[in-house]
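The values are calculated or read from the model by the stated rules, or taken from the named source; none is laboratory data. On a predicted model such as this, the values are computed, not experimentally measured, just so you know. Note: ideal-geometry Cβ built from the backbone for every residue, glycine included; neighbour counts use all protein chains shown.
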Amino acid sequence: MKYQTGKPGRIVIVRFEDKDDLLAGLVKIARDENIRAAVFHLVGGMREGSIVVGPEKDEFPPTPVWKKLGESHEVVGFGTIFWQDNEPKVKVGCLRADSETFLVLEAVITEIEGVTAQRVLDPVSGMVLLKL
């Protein structure tokens, strides 16, 4: 186990509107505001989304099993923002793509100051993991 301690920085409140791209919006905010590390909470509706529901087998590297939402759902979520190279990487549970808002979705982003954590490609798992 490895860890770092930080403290809360800026808090950003976001209202995503109908058909907004949630993941792209979070990346844009992180880039525009230069948020290097953060946690966020979500509540609202999703119209579309591609999620990973598990690996095909319990092996490395894992082969993801994908599922599309395909209809509107209420969501409550938690995620993180850390950078990989020169780009912010957003992780929201297993939501990975096609993140389209249904009606409205709210996000509260809390910046974490004083940490150097970043995302790095792990050659063993083939996944981008947090490096402290």
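What to note about this one:
- Given (1) among the acidic types (Asp, Glu); (2) farther than 19 Å from residue 128 by Cα; (3) in contact with a helix residue (DSSP H, G or I) (Cβ under 9 Å, 6 or more places away or on another chain), number of the condition residue 87 does not satisfy: (2)
- When the test is whether a residue is under 24 Å from residue 29 (Cα atoms), loosely packed, with under 14 Cβ neighbours inside 10 Å and either basic (Lys, Arg) or at pLDDT 95 or above (or both), residue 78 passes it.
- Among residues of the range 1-32 being without any contact (Cβ under 8 Å) to a residue 40 or more places away in the chain and of a type in the set (D, E, K, R), the one that is surrounded by the fewest Cβ atoms within 10 Å (Cβ to Cβ) is 32.
- Residues that are modelled with pLDDT under 95, farther than 12 Å from residue 42 by Cβ and surrounded by 14 or more Cβ atoms within 10 Å (Cβ to Cβ) do occur in the range 58-67, at least one of them.
- Flag if residue 96 is crowded, with 17+ Cβ neighbours inside 10 Å and either under 16 Å from the mean Cα position of the chain (by Cα) or touching a residue at least 12 places away in the same chain (Cβ under 8 Å) (or both): no
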